[in-house]
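Q: What follows is a structure written as structure tokens; I'll ask about it next.
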Ligand code: SF4
């Protein structure tokens, strides 16, 4: 038996703006509601009190956590909810009284910094149920016993790997791509038709998110009043191309950045996005894939399968051996991981060998090490949106470097993942999704 992180759990269709602060809390609230239901106590609930700890207490309101929890208590799930209904969620839609959210930003529960405590009482204030959940990044949740839902499914896999070196060795020994190896593992969990259909749905949702962001103007939610710019970039790029195609030169990098900004603007607006592997970093993998389609001739079919499965293989290494949570590892865990996943996956669909894929993923993370999380005002907007655009460029550059070489290099992906883990442990909590340091305290709010 081995611990396997499925691509279908790593990439989930949900809503913005945050996988750990919106998607995870909604799942936790829904799990609490289900627990009340299955224990037969739901009808007696008069009041529910919710406490948010650590980074959830610090930046939860700016990340839509409270609305997501109300929607979850009402029965919504990230996969099926309507984003506009979550944005409008309020306690009146519940069948019981909801106490004021207790924000304990300076208290960190032992298991993880994104803790949530739910307490249900009856009309006489008698305790009915008390549960603690943790939002551990990427929309995954745990309780005191461990992961909930489909995460880290414990099954016999045809191809076990815990590290990048094991993954590459297996691929090379079998003479198959990383994507094929992951595909065979996925089939141990689900029929091939289901895996294929769900991967296509995920890629289609990524494409729809890019295109929706490119076509939408306006101001993002929150007092920062950040103007959307992906649509303006699009118009500018078309104008330049129309004025003089030759003078415009190669605009592929500008388009790549517009794709990433488009997705992250959709995310910041609380719209439908794919967690990849988190929401704050949701723009990088779709942008690099869309770039591969538009500028490198890669088909949607290849992107839905080989690109996503290769990215998932790399993402599972980060999730298993380090962290994809900004609250645990800073932004290197979110944007750094996504950049590394995209770099390796792009290399794969451009014909790179498993060793070149590993090299690209390593290069991409190496230059994200130490990246802090410091969202201004607690909104997933500044620096997050632009950071995705820059990281998408880094992913493409890392892939190009790796494809020029033969895959041999000094620093392994495993070494970089372990370095990221250690750097995350050493990082002050001010730089872990608390908005208590960095840009968050140096940008004047007006
Ligand atoms: S700074 Fe990075 S880790 Fe922090 S919220 Fe923004 S994208 Fe997520």
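The values are calculated or read from the model by the stated rules, or taken from the named source; none is laboratory data. All values derive from a computational prediction rather than experimental measurement. Here Cβ is always computed from backbone atoms with ideal geometry, including for glycine, and neighbour counts include all displayed protein chains.
Q: Take the stretch 315-343 and flag every residue that is touching a residue at least 60 places away in the same chain (Cβ under 8 Å) and more than 16 Å from the ligand (Cβ to nearest atom).
A: Within the stretch 315-343, 316, 317, 320, 321 meet the criteria.
Q: Is it true that some residue in the stretch 268-281 is within 14 Å of the ligand (Cβ to nearest atom), touching a residue at least 40 places away in the same chain (Cβ under 8 Å), part of a helix (DSSP H, G or I) and assigned by TED's automatic domain parsing to the domain that holds residue 250?
A: For the stretch 268-281, residues within 14 Å of the ligand (Cβ to nearest atom), touching a residue at least 40 places away in the same chain (Cβ under 8 Å), part of a helix (DSSP H, G or I) and assigned by TED's automatic domain parsing to the domain that holds residue 250: present.
Q: Being under 17 Å from the mean Cα position of the chain (by Cα), modelled with pLDDT of 95 or more and either surrounded by fewer than 24 Cβ atoms within 10 Å (Cβ to Cβ) or outside the structural domain of residue 328 (by TED's automatic domain parsing) (or both) is true for just one of 32, 11. Which residue is that?
A: That would be 11, the only listed residue that is under 17 Å from the mean Cα position of the chain (by Cα), modelled with pLDDT of 95 or more and either surrounded by fewer than 24 Cβ atoms within 10 Å (Cβ to Cβ) or outside the structural domain of residue 328 (by TED's automatic domain parsing) (or both).
Q: Ok, one more. Can residue 62 be described as assigned to a helix (DSSP H, G or I) and in contact with a strand residue (DSSP E or B) (Cβ under 8 Å, 6 or more places away or on another chain)?
A: It is false that residue 62 is assigned to a helix (DSSP H, G or I) and in contact with a strand residue (DSSP E or B) (Cβ under 8 Å, 6 or more places away or on another chain).
Q: Follow-up. Out of all the residues in the stretch 38-59, which are buried (at least 17 other Cβ atoms within 10 Å of the Cβ) and in contact (Cβ under 8 Å) with a residue 60 or more places away in the chain?
A: Passing the criteria: 45, 48, 50, 51, 52, 53, 54, 55, 56, 58, 59.
Q: Can you confirm whether the stretch 115-125 contains a residue that is buried (at least 23 other Cβ atoms within 10 Å of the Cβ), at positive phi and touching a residue at least 60 places away in the same chain (Cβ under 8 Å)?
A: Checking the stretch 115-125: not a single residue is buried (at least 23 other Cβ atoms within 10 Å of the Cβ), at positive phi and touching a residue at least 60 places away in the same chain (Cβ under 8 Å).
Q: Something else: Look at residue 137 and say whether it is buried (at least 20 other Cβ atoms within 10 Å of the Cβ), without any contact (Cβ under 8 Å) to a residue 60 or more places away in the chain, closer than 25 Å to residue 288 by Cα and within 21 Å of the chain's Cα centre (by Cα).
A: Here the answer is no, as residue 137 does not meet what is asked.
Q: If I ask for residues that are buried (at least 16 other Cβ atoms within 10 Å of the Cβ) and assigned to a loop (DSSP other than H, G, I, E, B), which ones from the stretch 185-200 would you list?
A: Scanning the stretch 185-200 gives a single hit, 189.
Q: Residue by residue through the stretch 205-223, note down the ones that are farther than 12 Å from residue 271 by Cα and over 17 Å from the mean Cα position of the chain (by Cα).
A: Of everything in the stretch 205-223, those that are farther than 12 Å from residue 271 by Cα and over 17 Å from the mean Cα position of the chain (by Cα) turn out to be 211, 214, 215, 217, 218, 219, 222, 223.
Conditions (1) away from the ligand (no atom under 16 Å from the Cβ); (2) free of Cβ contacts under 8 Å to residues at least 60 places away in the same chain; (3) not in a helix (DSSP H, G or I), marked per residue:
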residue	(1), (2), (3)
357	yes, no, no
364	no, yes, no
370	no, yes, yes
373	no, no, yes
380	no, no, yes
385	no, no, no
394	no, yes, no
406	yes, yes, yes
418	yes, no, no
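Conditions (1) under 23 Å from residue 403 (Cα atoms); (2) modelled with pLDDT under 95; (3) over 15 Å from the mean Cα position of the chain (by Cα), marked per residue:
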| site | (1), (2), (3) |
| --- | --- |
| 245 | no, yes, yes |
| 277 | no, no, no |
| 298 | yes, no, yes |
| 311 | yes, no, no |
| 340 | yes, no, no |
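Q: Suppose the filter is in a loop (DSSP other than H, G, I, E, B), surrounded by 15 or more Cβ atoms within 10 Å (Cβ to Cβ) and not assigned by TED's automatic domain parsing to the domain that holds residue 328; does residue 25 pass it?
A: The answer is no for residue 25.
Q: Would a scan of the stretch 301-308 turn up a residue that is touching a helix residue (DSSP H, G or I) at 6+ places or on another chain (Cβ under 6 Å), farther than 25 Å from residue 230 by Cα, buried (at least 24 other Cβ atoms within 10 Å of the Cβ) and at pLDDT 95 or above?
A: The answer is no, given that none of the residues of the stretch 301-308 is touching a helix residue (DSSP H, G or I) at 6+ places or on another chain (Cβ under 6 Å), farther than 25 Å from residue 230 by Cα, buried (at least 24 other Cβ atoms within 10 Å of the Cβ) and at pLDDT 95 or above.
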